[in-house]
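Colleague: First, the structure itself, so that you have it in front of you.
The values are calculated or read from the model by the stated rules, or taken from the named source; none is laboratory data. Since the structure is predicted, the reported quantities are computational estimates derived from the model, not experimental observations. Every residue, glycine among them, receives a Cβ derived from its backbone with ideal geometry; neighbour counts consider all protein chains shown. Just so you know, the surface numbers come from the protein's heavy atoms only, side chains and all, with ligands and any DNA or RNA stripped out. Shrake-Rupley method; radii C 1.70, N 1.55, O 1.52, S 1.80 Å.
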Amino acid sequence: MTLRLSRRTLLAAAALPAPALAQGAYPTRPIRLVVPFAAGGGTDIVARIYAQKMTELLGQPMVVENRAGAGGNLGIENIVRSAPDGYSLVLSSNGPVAVNRHLFKDMNFDPSKDLAPVSLTFRIEQALVVNPSLPVNSVQEFIALAKQRELTWGSGGTGSSLHLAGELFKLRAGVNLVHVPYRGGAPAMNDLVAGNINAMFDSLPSLVPQLRGGRIKGLAICAAQRHPLVPELPTMQEAGVPNYVAGTWGAVFAPAGTPEPIIARLAAATKEALTHEPTKAALARAGGDALYSTPAELSETLQREIALWGQVVREANITVG
């Protein structure tokens, strides 16, 4: 039997957009992976490790493109305005997608509506550390001292993840601490070691060398579970601070409207990439723990984090622009 297609059918097929015809073959050309921060930072390093393995798995180059500015907003907006065809993605930390909407008065996108979740990719844990001269050896002793006299704590800048970790601690522990913002985490750590501030919330990759050298004292990790890098540190909840978890996580998103088969292909490849032992080891050397999820799990994580940090920003009255 010979199948004959009418001229109308052929014309209708020709009029379909390319992604609709080519989903089964995706990808057929290079994929752009935007990082909404400058080259050389933690998220950028993770993105390049991730892109290298994804290039191998997808059979097409995944090219990292840095678009920094406005706390990550410029890079996210670039993706929001890109074609939803699977060839423009963003790997962002939680700040631009879960926190910035509460910090910036004017944003031209809504991450909940304008981005399609693909997968989580990494997590970097944080911990509460103090200067060794501070007469405390536990979180409860730190809280008690903070209720007796003024204590200072530093962060890498107003609105940063380390700042928000401290504000969340203040809310959960019921204490008042004086925030001292710095232009980056390194200057804050230098002042903590020098004794110019009393405490700091910092990421494990930055604080572990100082901790091992005895230049700072660790009180608790901000994660839900103890971490192998600092197994001696209790979690905040173990230390008596209920409902406290903070940290930096990263995830891959596509523009809203990207076809579901493409999202599924990317999510499956991401899982394979992040369970690949050499890739996990490379991320660990960069200071992050490999972490993957389904698109639905990432969506739930995003909504939960948007609600959490919205409460923190409102109650602490934080604004940056």
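Colleague: Return a yes/no flag: does the stretch 279-301 have any residue that is touching a Lys or Arg at 6+ places or on another chain (Cβ under 8 Å) and among the aromatic types (F, W, Y). It would help to see each step written out before you state the result.
Modeller: We begin by selecting, within the stretch 279-301, every residue touching a Lys or Arg at 6+ places or on another chain (Cβ under 8 Å); these are 279, 288-292.
Still in the running and among the aromatic types (F, W, Y): 292.
The answer is yes, given that some residue of the stretch 279-301 is touching a Lys or Arg at 6+ places or on another chain (Cβ under 8 Å) and among the aromatic types (F, W, Y).
Colleague: Here is a further query. Which residue pairs have Cβ atoms under 6 Å apart, sit 6 or more places apart or on different chains, and have a first residue in the stretch 295-321 that is open to solvent by 60 Å² or more (accessible area, probe 1.4 Å) and a second that is modelled with pLDDT under 95 and assigned to a helix (DSSP H, G or I)?
Modeller: Taking only residues 6 or more apart or on different chains, the pairs are V320/L103.
Colleague: Report yes if G59 is farther than 30 Å from T319 by Cβ and of a type in the set (G, A, S), otherwise no.
Modeller: yes
Colleague: To continue, here is another question. Take the residues in the stretch 281-294 that are of a type in the set (G, A, S) and in contact (Cβ under 8 Å) with a residue 60 or more places away in the chain; name whichever of them is surrounded by the fewest Cβ atoms within 10 Å (Cβ to Cβ).
Modeller: Initially, the stretch 281-294 is screened for residues of a type in the set (G, A, S), giving 281-282, 284, 286-288, 290, 293.
Filter once more, so that each one left must be in contact (Cβ under 8 Å) with a residue 60 or more places away in the chain: 282, 286-288, 290, 293.
Details: A282: 19, A286: 16, G287: 19, G288: 26, A290: 22, S293: 21.
Filtering first and then ranking leaves A286.
Colleague: Is the stretch 186-194 home to any residue that is in contact with a Gly (Cβ under 8 Å, 6 or more places away or on another chain) and touching a residue at least 60 places away in the same chain (Cβ under 8 Å)?
Modeller: yes
Colleague: Within the stretch 85-131, how many residues are of a type in the set (D, E, K, R) and over 17 Å from P255 (Cα atoms)?
Modeller: The total comes to 5.
Colleague: Yes or no: R149 touching a residue at least 24 places away in the same chain (Cβ under 8 Å) and of a type in the set (D, E, K, R)? Give the derivation first.
Modeller: Details: touching a residue at least 24 places away in the same chain (Cβ under 8 Å): no; of a type in the set (D, E, K, R): yes.
Spelling it out, it is not the case that R149 is touching a residue at least 24 places away in the same chain (Cβ under 8 Å) and of a type in the set (D, E, K, R).
Colleague: Can you find a residue that is under 29 Å from G159 (Cα atoms), open to solvent by 50 Å² or more (accessible area, probe 1.4 Å) and assigned to a loop (DSSP other than H, G, I, E, B) anywhere in the stretch 246-261?
Modeller: Initially, the stretch 246-261 is screened for residues under 29 Å from G159 (Cα atoms), giving 246-256.
Then drop every residue that is not open to solvent by 50 Å² or more (accessible area, probe 1.4 Å), which leaves none.
Within the stretch 246-261, none of the residues are under 29 Å from G159 (Cα atoms), open to solvent by 50 Å² or more (accessible area, probe 1.4 Å) and assigned to a loop (DSSP other than H, G, I, E, B).
Colleague: OK, next. For the stretch 61-101, how many residues are in contact with a Lys or Arg (Cβ under 7 Å, 6 or more places away or on another chain) and open to solvent by 20 Å² or more (accessible area, probe 1.4 Å)?
Modeller: Qualifying residue count for the region: 6.
Colleague: Just one of (1) over 19 Å from G42 (Cβ atoms); (2) open to solvent by 40 Å² or more (accessible area, probe 1.4 Å) trips up R123, so point out which.
Modeller: Of the numbered conditions (1) over 19 Å from G42 (Cβ atoms); (2) open to solvent by 40 Å² or more (accessible area, probe 1.4 Å), the odd one out for R123 is (1).
Colleague: What single numbered condition from (1) surrounded by fewer than 16 Cβ atoms within 10 Å (Cβ to Cβ); (2) within 20 Å of A146 (Cβ to Cβ) fails to hold for A188?
Modeller: For A188, the failing item is (1).
Colleague: So L283 passes all but one of these: (1) part of a helix (DSSP H, G or I); (2) more than 22 Å from R32 (Cβ to Cβ). Which condition number does it fail?
Modeller: (2)
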